Amino acid sequence: MAVLYEKVALIGLGLIAGSLAHAIRRGGLANTISGYARSAETREIAREISLCDDVCDNVADTVKDADLVILCVPVGVMGVVAEEMKPHLKRGAIVSDVGSVKAAVIASVAPHIPEDVHFIPAHPLAGTEHSGPHSGFAELFDDRWCILVPVENTNTDVLTQYVNFWKAVGSNVEIMDAEHHDLTLAVTSHVPHLIAYTMVGVADDLGRVTDKEVINFSAAGFRDFTRIAASDPTMWRDVFLNNKEATLDILGRFTEELFDLQKAIRGGDGDYLHKYFTRTRAIRRDILDAGQDTDVPNFGRNLTKES
Ligand code: NAP
């Protein structure tokens, strides 16, 4: 594949930045990758594993002469980092981000983008429960969606080139506005994470079922909640604080449906439950047909290894 950007700068060196670095190298999409993370410890690990060509000790050196700068830090600090890098950006560069929330990130970053720099917010819908510089891998974005949320008056040639960048790291690309993105993600990701956090919290609080029982018998469904609930606490705190409205909207609807199901169980309304579960089963089929999960039993886990 051809070089799309001479120098790409990654701010934050965790799961997403690390995966980007590997995918950029896999595709030969840049001649130089520079990187920066807040702590000296993360920067040192990144150097040891050669995550980037150049791990810098400050934001200014990292973004200097970069054609593409991608903010891969938690949503809550995007604005602060953007402010810090503002005086050092190259004319004509693209600034992007990978934040899980879009309206709040645009509000905090856009004021720090110079007039001669393009800003194209993005969100790759790809992740794992792991974080840190060791956690990235080149295939993370393969066949996953990346949503681009261009701001007003984005140059179409620059946008097309950036769409091609995400396709080259393996993603399918969709363009969306920020509000719609935030509502969609509240349904597909943010509220499901909150429910998983709650269920694991409930199990932890429950006196009548022992911790040992919860752990030993978790394969009956709970285990999948624990995987989601093991996600990075800083990242998810910031997601909820910055996608308040959509999260509370969907959570309200969720609570209403939960009450209906509770009523059906209490009243012995088997028809209601059966119809409900039949509808939800069809959604699973649609996800499989779209190639967004595996049909292998038990999500493809190797049971002999795990049990
Ligand atoms: P991560 O593995 O925890 O990495 C975050 C990185 O940001 C770390 O290297 C951290 O440095 C650095 N950082 C934090 N504050 C900073 C600051 N003020 N200045 C410079 N660096 C700073 O997180 P991640 O999973 O890659 O997530 C990064 C972004 O991607 C988040 O906005 C998240 O919403 C989004 N995202 C995540 C996923 C997912 O599933 N994980 C999926 C899609 C999008 P230290 O190590 O030194 O603290």
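The values are calculated or read from the model by the stated rules, or taken from the named source; none is laboratory data. Everything numeric in this text was worked out from a predicted model, so none of it was measured. Positions of Cβ are backbone-derived with ideal geometry, glycine not excepted, and every protein chain shown enters the neighbour counts. Note: accessible area is taken over every heavy atom of the protein model, side chains too, but ligands, DNA and RNA are not part of it. Shrake-Rupley method; radii C 1.70, N 1.55, O 1.52, S 1.80 Å.
Taking the range 27-63, which residues are among the polar types (S, T, N, Q) and within 12 Å of the ligand (Cβ to nearest atom)?
Residues of the range 27-63 among the polar types (S, T, N, Q): 31-32, 34, 39, 42, 50, 58, 62.
Hits for the range 27-63 are SER39, THR42, ASN58, THR62.
With the requirement that a residue be surrounded by 12 or more Cβ atoms within 10 Å (Cβ to Cβ), more than 13 Å from the ligand (Cβ to nearest atom) and in a helix (DSSP H, G or I), what does the range 215-228 give you? Can you show your working first?
First, the residues of the range 215-228 that are surrounded by 12 or more Cβ atoms within 10 Å (Cβ to Cβ): 215, 217-219, 222-228.
In the following step, the residues that additionally are more than 13 Å from the ligand (Cβ to nearest atom) were identified as 215, 217-219, 222-226.
Correct list: ILE215, SER218, ALA219, PHE222, ARG223, ASP224, PHE225, THR226.
Evaluating SER231 against the criteria (1) in a helix (DSSP H, G or I); (2) of a type outside the set (D, E, K, R); (3) surrounded by 12 or more Cβ atoms within 10 Å (Cβ to Cβ) leaves one unmet condition, (1). Go through the range 148-163 and report how many residues are away from the ligand (no atom under 15 Å from the Cβ) and assigned to a loop (DSSP other than H, G, I, E, B). Residues in the range 148-163 being away from the ligand (no atom under 15 Å from the Cβ) and assigned to a loop (DSSP other than H, G, I, E, B): 6 in total.
Out of the residues in the range 125-142 that are part of a helix (DSSP H, G or I) and either open to solvent by less than 20 Å² (accessible area, probe 1.4 Å) or in contact with a strand residue (DSSP E or B) (Cβ under 7 Å, 6 or more places away or on another chain) (or both), which is nearest to THR62 (Cα to Cα)? First the steps, then the outcome.
Of all residues in the range 125-142, those part of a helix (DSSP H, G or I) come to 138-141.
Remaining after also requiring either open to solvent by less than 20 Å² (accessible area, probe 1.4 Å) or in contact with a strand residue (DSSP E or B) (Cβ under 7 Å, 6 or more places away or on another chain) (or both): 138, 140-141.
Details: ALA138: 22, LEU140: 24, PHE141: 24 Å.
Restricting to residues being part of a helix (DSSP H, G or I) and either open to solvent by less than 20 Å² (accessible area, probe 1.4 Å) or in contact with a strand residue (DSSP E or B) (Cβ under 7 Å, 6 or more places away or on another chain) (or both), the top hit is ALA138.
Considering only the range 32-47, state which residues are of a type in the set (Gly, Ala, Ser) and within 20 Å of the chain's Cα centre (by Cα). Scanning the range 32-47 gives GLY35, ALA37. Per the listing GLU44, GLU6, GLU84, the residue uniquely open to solvent by 70 Å² or more (accessible area, probe 1.4 Å) and part of a strand (DSSP E or B) is GLU6.
State yes or no: is ILE24 part of a helix (DSSP H, G or I), away from the ligand (no atom under 11 Å from the Cβ) and crowded, with 17+ Cβ neighbours inside 10 Å?
Values: part of a helix (DSSP H, G or I): yes; away from the ligand (no atom under 11 Å from the Cβ): yes; crowded, with 17+ Cβ neighbours inside 10 Å: yes.
For ILE24, the condition - part of a helix (DSSP H, G or I), away from the ligand (no atom under 11 Å from the Cβ) and crowded, with 17+ Cβ neighbours inside 10 Å - is met.
Against the numbered list (1) free of Cβ contacts under 8 Å to residues at least 40 places away in the same chain; (2) over 23 Å from ALA290 (Cα atoms), VAL163 comes up short only at (2).
Close Cβ contacts (under 7 Å, 6 or more residues apart or on different chains) running from residues in the range 252-273 that are at negative phi to residues that are among the β-branched types (Val, Ile, Thr) and open to solvent by less than 60 Å² (accessible area, probe 1.4 Å) comprise PHE254/VAL191.
For the range 87-124, filtering for residues that are surrounded by fewer than 17 Cβ atoms within 10 Å (Cβ to Cβ) and of a type outside the set (A, V, I, L, M, F, W, C) leaves 7.
In the range 58-84, the residues that are at positive phi form Cβ pairs under 8 Å with partners that are crowded, with 17+ Cβ neighbours inside 10 Å, at six or more places apart or across chains, as follows: ASP65/LYS7; ASP65/LYS90. Looking across the range 169-203, the residues that are open to solvent by 30 Å² or more (accessible area, probe 1.4 Å) and of a type in the set (Asp, Glu) come down to GLU174, ASP177, GLU179. Among the candidates TRP145, TRP166, the residue that is open to solvent by less than 50 Å² (accessible area, probe 1.4 Å) and within 15 Å of the ligand (Cβ to nearest atom) is uniquely TRP166. For the range 64-77, the set of residues classified as open to solvent by less than 20 Å² (accessible area, probe 1.4 Å), within 12 Å of the ligand (Cβ to nearest atom) and out of contact with any Gly (no Cβ under 6 Å at 6 or more places or on another chain) consists of ILE70, LEU71, listed by residue number. Step by step: first the residues of the range 95-138, then only those that are touching a residue at least 60 places away in the same chain (Cβ under 8 Å) and more than 10 Å from the ligand (Cβ to nearest atom), then the one that is nearest to the chain's Cα centre (by Cα). Which residue is that? It comes out as LYS102.
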